Amino acid sequence: MPAPVRRSGLQQEIISLYRACFRAARLKPQENRVNFQKFIRMQFRKHSDVKARDFATIEYLLRMGKRQLETYSNPSIQNVHV
Amino acid sequence: MFRALRPATSVYRAALYKHAAPARPVALTFARMYASSGLDRNAIENRVLDILKGFNKVDVNKVSLKANFNKDLGLDSLDAVEVVMAIEEEFSIEIPDKDADEIKSAADAVEYVSKREDAH
């Protein structure tokens, strides 16, 4: 039995947020879903150069990400342009 | 303008009902199949592997049941999240975060889906 992956709390939070974002994208109109997915990937990947030890930045970005998710979770938002 | 459309809608609706009546026995057989047997393991394997092959980051030749998402297929933790989400959609199930984190290879995914009786 393989040992479970050890992840820091922050890393776990990022993964949960990523999942939550994709779940939110599922509630969008079918034809626009791809745009949301592209947007989410872009938002996460553009900070991939942040150092793993840079907790302050990571925490800040997590807060930003959560706020952004809250914004586009609103059902009135139907599409996103990337 | 809209009144002109109305007869057309009712004709359509009548057609719908006519169609729905003979469909009933079919729905019953389907329910029985669903309750008696789960999914065929081979079918699950093929569907999971097809999902992986569909990812543009994945080298189709490296896809196998034993392939670890990270070590063999070169996917990072975020890609792995997307793979698991795709599996959710394919089998119409919702995988809780705790279980999703433990799915690290195609074999893990097949194992998990075969245990879920609501997968179809």
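Each reported figure results from applying straightforward, stated rules to the coordinates on display, with no laboratory input. What you see is a predicted model, and the numbers here were worked out from it, not measured in a lab. When we count neighbours, we look across all protein chains shown, and the Cβ atoms used for this are built from the backbone with ideal geometry, even at glycine.
Out of the range B:64-81, which residues are closer than 18 Å to B:D50 by Cβ and acidic (D, E)?
Correct list: B:D72, B:D79.
Under the condition of being farther than 17 Å from B:N61 by Cα and either more than 12 Å from every other protein chain (Cβ to nearest Cβ) or in contact with a Gly (Cβ under 8 Å, 6 or more places away or on another chain) (or both), which residue from the range B:71-87 is surrounded by the fewest Cβ atoms within 10 Å (Cβ to Cβ)?
Among those residues, the one meeting the criterion is B:A86.
Of the conditions (1) within 12 Å of chain B (Cβ to nearest Cβ); (2) farther than 23 Å from B:A100 by Cβ; (3) not hydroxyl-bearing (S, T, Y), A:D54 clears all except one; give me its number.
Going through the list (1) within 12 Å of chain B (Cβ to nearest Cβ); (2) farther than 23 Å from B:A100 by Cβ; (3) not hydroxyl-bearing (S, T, Y), A:D54 breaks only (1).
Select from the range B:70-92 the residues that are in a loop (DSSP other than H, G, I, E, B) and within 19 Å of the chain's Cα centre (by Cα) and list them in ascending order. It would help to see each step written out before you state the result.
As a first pass, look at the range B:70-92 and keep what is in a loop (DSSP other than H, G, I, E, B): B:70-76, B:92.
Of everything in the range B:70-92, just one residue is in a loop (DSSP other than H, G, I, E, B) and within 19 Å of the chain's Cα centre (by Cα), namely B:S92.
Please tell me if A:M64 is surrounded by fewer than 13 Cβ atoms within 10 Å (Cβ to Cβ) and either closer than 18 Å to B:D79 by Cβ or in contact with a Pro (Cβ under 8 Å, 6 or more places away or on another chain) (or both).
No; evaluated as a whole, the condition is false for this residue.
For (1) surrounded by 12 or more Cβ atoms within 10 Å (Cβ to Cβ); (2) of a type outside the set (A, V, I, L, M, F, W, C); (3) facing chain B (nearest Cβ under 8 Å), each residue gets a yes or a no:
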{"site": "A:S16", "(1), (2), (3)": "yes, yes, yes"}
{"site": "A:A25", "(1), (2), (3)": "yes, no, no"}
{"site": "A:K38", "(1), (2), (3)": "yes, yes, no"}
{"site": "A:M42", "(1), (2), (3)": "no, no, no"}
{"site": "A:H47", "(1), (2), (3)": "yes, yes, no"}
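Looking only at the range B:95-105, decide whether some residue is buried (at least 18 other Cβ atoms within 10 Å of the Cβ), small (G, A, S) and within 23 Å of A:F39 (Cβ to Cβ).
Yes: the range B:95-105 contains one or more residues that are buried (at least 18 other Cβ atoms within 10 Å of the Cβ), small (G, A, S) and within 23 Å of A:F39 (Cβ to Cβ).
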